[in-house]
Amino acid sequence: MTSSTPATSVGTTIRPRERDAILQALRAGVVPRVGQQHVQVGRAEEVKALLSDVDRIADGGSAFRLAIGEYGSGKTFFLNLVRSIAMERKLVTVHADLSPDRRLHATGGQARSLYAELMRNIATRAKPDGGAMGSIVERFITAALTEARDTGTTPDAVIRARLASLSELTGGYDFAEVIGAYWRGHDTGNEQLKSDAVRWLRGEFSTRTDARAALGVRTIVDDANFYDQLKLLARFVVMAGFGGLLVCLDEMVNLYKLASTQARNANYEQILRILNDSLQGTAAHLGFILGGTPDFLLDTRRGLYSYAALQSRLAENTYATGGLVDYSGPVLRLANLTPEDFYLLLTRLRLVFAGGDANAYLVPDDALTAFMTHCSSRIGDAYFRTPRTTIKEFVNLLAVLEQNPGTDWAPLVGAVNLVAESNPDLAPLAQEDDFARPYATDGSADQTQPGVGSSSASASSREDDDLATFRL
């Protein structure tokens, strides 16, 4: 196992608040916000690969990774682990889950909504739970004041000189003006001006009129400049003394589920732009990690492979077969946990439940092997390939034993009812014909070619994406 923190060992005291947070999250089937190091097992090579990406970002480079894993296999846990490592290495991290209302590209505000969610979750080592935008700007101002005092110049001149390099990027002039406005608010004690500057940086202004009235700038963060704003932020956090910016986006399968072909392709074009910038090194101090399922990547009808330019760039190394691996490409396949990894995971969960005290174990080692044998007989090797449901059931088992002292564990293990994880993303999708109507109905306000199709076309004449060009 490789991690940014030492693995939990017998005798390590786990604070009750941390213990409860871990167990409550696992029982709900979600990733714990704290204490991931106590339950991290396996995937050492994948973590090493991401560590090299973090170091490259801190060194002024860029990174792009697709973390691909089966539904329930631990992608979100892996992304959170990488985030915590990045913060330990003095990077700023932002993270968000994509949803129907949050996308990489749109014309109805969904991209700005994603940016605002990312900024709400902006985190540093000092503020790992998010909301760190104000402290980052304060750190930049403090460093500028120190430099002004050491050089005998005015703080305003130092700030403008530092921000001058941003003007070469799209939107850089207004970004610098907003930071300047924050400094004026800091210098004059105008808290409202400081608050408005932070609001603009978070993407919370919805109209240009409000932004101009509050800060004197003519632009806001909107759907069109979502990615450009992230590149500006990456440069700025480096000026504030951090190593760079790591962007973690989960639930990428929401793009795969879009019914509108045009909306999907527009989002895939944005991914292609990000990938090209990363591969060519034009996005300094900026890294992206995107979490998705194999179908999101490989489906040639709706997935990334449906976009020819992405398919050629994301194709797997043809030499990495027969047990050979390649962790240097943009696609990082999360390896399945082995039965040995899963046994180690159960021992970690037992230790967490005992608060780090081996004398407080609720079940012996025999119970762990019996539980794994029962899981294997019920759902086969899916219990360690997609361990989310199995972990939930094991934590539930320990919870019952804790609250009912003296209960025999053996009958309870035999009564555990497990069902293999099913991927809801593979459920039949509502069919919508992008060519039979002038506007998409998925809320993105994406438009197709006007005049193609007609409102009088019957439902039976509509085709899905596969048959869009088929004619008898």
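Throughout, read-outs are computed from the coordinates displayed, never taken from laboratory work. Predicted, not measured: the structure shown is a model, and the values here were computed from it. Here Cβ is always computed from backbone atoms with ideal geometry, including for glycine, and neighbour counts include all displayed protein chains.
Structure summary
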| quantity | calculated |
| --- | --- |
| Whole-number D in µm²/s for region 79-149 (Stokes-Einstein; Kirkwood sum over Cα pairs; 37 °C, 0.692 mPa s) | 243 |
| Relative contact order %, region 157-262, counting alpha carbon pairs below 8 Å whose residues are six or more apart | 20 |
| Whole-number percent relative contact order across region 95-188, with pairs defined as alpha carbons under 8 Å at least 6 apart | 14 |
| For region 96-111, 3J(HN,Hα) per residue [Karplus equation, 6.51 cos²θ - 1.76 cosθ + 1.60, θ = phi - 60°, Hz, x = Gly/Pro] | 6, 9, 6, 8, x, 9, 9, 9, 6, 9, 6, 10, x, x, 5, 5 |
| Rounded FRET efficiency, nearest 0.05, which uses the C-beta distance separating ALA360 from ALA308 and R0 of 51 Å | 0.30 |
| Mean Cα-pair separation over length for region 269-393, i.e. relative contact order, pairs under 8 Å, 6 or more apart, % | 14 |
| P(r) histogram, all alpha-carbon pairs of region 263-335 included - 10 Å bins from 0, percent | 17, 50, 30, 4 |
| Net charge of Cβ neighbours under 11 Å - reference ALA309; Lys, Arg +1; Asp, Glu -1 | +1 |
| Relative frequency of Cα-Cα separations exceeding 20 Å in region 276-419, percent | 62 |
| Unit Cα scatterers, Debye sum, region 110-264: log10 I(q)/I(0) for q = 0.10, 0.14, 0.21 Å⁻¹ | -0.38, -0.71, -1.49 |
| Sorted peptide list for 152-161, 254-263, 282-291, criterion being average Cβ within 10 angstrom, highest first | 282-291, 254-263, 152-161 |
| D (Stokes-Einstein, µm²/s), Kirkwood Cα radius, region 139-220, 1.002 mPa s at 20 °C | 164 |
| Residues with amide H under 5 Å from that of VAL331, placed H, sequence gap 5 or more | LEU66 |
| Backbone HN-Hα couplings from phi across region 247-264 [Karplus 6.51/-1.76/1.60, Hz, Gly and Pro as x] | 9, 10, 10, 10, 6, 5, 5, 5, 6, 4, 7, 4, 6, 7, 4, 5, 5, 4 |
| Restraint check, LYS48/LYS75; LYS75/LYS231; LYS48/LYS127; LYS48/LYS231, Cα-Cα greater than 22 Å | LYS75/LYS231; LYS48/LYS127; LYS48/LYS231 |
| Per-residue HN-Hα couplings for region 278-283 [Karplus 6.51, -1.76, 1.60; θ = phi - 60°; Hz; x = Gly/Pro] | 5, 5, 8, x, 8, 9 |
| Cβ-defined net charge surrounding ALA197, 14 Å radius [Lys, Arg +1; Asp, Glu -1] | -3 |
| Semi-axis lengths, Å, region 232-295, gyration tensor of Cα atoms, sqrt of 5 times eigenvalues | 27, 13, 10 |
| Span per principal axis, largest first, for the Cα atoms of region 1-143 (Å) | 51, 41, 31 |
